[in-house]
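This report concerns only the one structure given below.
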Amino acid sequence: MSGIGLAAAGGHWSGLLWGLLGALCAGLVPAGYIEWERGRGTWGDRHVVDRTKRAPIFFVILGSIGTGSAVMLLGGAPRGILVAMLALWVMTVGLLAVNTVWKISVDSAVASSVVTLLACVHSPWWLGAYAVTAAVCWSRVALTYHTPAQTLAGASLGAATALAYAVG
């Protein structure tokens with residue numbers, strides 16, 4: 001998110017701060033919540049493989065991204081970082097909706113959205129990093145956490161919502 005914030009601010013250093021806020025809200029707060037619940041014994045591991053136990057995570061992510069976006073909006077953050085945050089928020093809503101009926105791969109969605117955002121912000125050459133997304137998808141299947149269809153659906157949702165950055 002730091003690179004996205006920097007690009008959104010036209011290279012001005014303040015974009016780094018907005019990007020760090022985005023990373024805090026979209027990544028660190030949700031990861032911290034998962035670790036806190038795991039430490040309490042709520043989940044066996046950080047992957048929360050039982051989809052019926054995932055709803056609280058999605059609500060924490062939505063609240064965290066929403067709060068960060070509100071701070072950005074009130075603080076006059078560059079439009080590009082706000083659009084990126086909105087794309088992540090929409091992706092999370094999609095993940096939550098699908099998760100109510102089917103287990104979709106969140107890891108695949110996040111990996112795909114990051115690559116897509118980097119390609120939209122910096123250079124289409126970043127699309128080569130989809131090799132990393134493919135590795136994430138493969139690992140989810142190899143660990144038997146997901147089926148190929150679940151990882152493909154997650155990666156597709158991540159890419160589609162991140163493309164809102166390019167259109168926005």
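Tabulated data
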item: For segment 7-74, fraction of C-alpha pairs farther apart than 18 Å, in %; result: 46 percent
item: Tilt relative to the chain, helix 29-39 - C-alpha long axis, 0 to 90 degrees, to 10; result: 30 degrees
item: Dipole in debye (nearest 20) - the chain, about Cα centre, beta carbon charges: Lys, Arg +1; Asp, Glu -1; result: 180 debye
item: Burial ranking of peptide ranges 136-145, 18-27 (average Cβ count within 10 Å, highest at the top); result: 18-27, 136-145
item: Solvent-accessible area of M91 with every protein chain in place, 1.4 Å probe, in Å² to the nearest 10; result: 10 Å²
item: Debye-sum result for segment 109-168 in log10 I(q)/I(0), which assumes one identical scatterer on each alpha carbon, at q = 0.14, 0.29, 0.30 Å⁻¹; result: -0.36, -1.12, -1.16
item: Dipole of the chain [Lys/Arg +1, Asp/Glu -1 at C-beta], most positive-end residue of V121, S156, A70; result: S156
item: Å² of accessible area per residue within segment 21-130, as computed with a 1.4 Å probe and no ligands counted; result: 49 Å²
item: At R0 = 30 Å, FRET efficiency that the Cβ-Cβ distance of H47 and L127 yields, to 0.05; result: 0.65
item: Rounded tilt (10° steps) of 55-75 against the dominant C-alpha axis of the chain; result: 0 degrees
item: Peptides 29-42, 149-162 ordered by average Cβ neighbours within 10 Å, highest first; result: 149-162, 29-42
item: Sequence-separation-based contact order of the chain, relative, with Cα cut under 8 Å and 6+ spacing, percent; result: 24 percent
item: Accessible area (Å², 1.4 Å probe, nearest 10) - H47; result: 40 Å²
item: FRET efficiency estimate (nearest 0.05) - Cβ-Cβ, V71 to R40, R0 25 angstrom; result: 0.35
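The values are calculated or read from the model by the stated rules, or taken from the named source; none is laboratory data. Everything quoted here is computed from the prediction, not taken from an experiment. Using ideal geometry, Cβ is built from the backbone for each residue, glycine included, and neighbour counts are taken over all protein chains shown. The accessibility values were calculated without ligands, DNA or RNA, using every heavy atom of the protein model including side chains. Shrake-Rupley method; radii C 1.70, N 1.55, O 1.52, S 1.80 Å.
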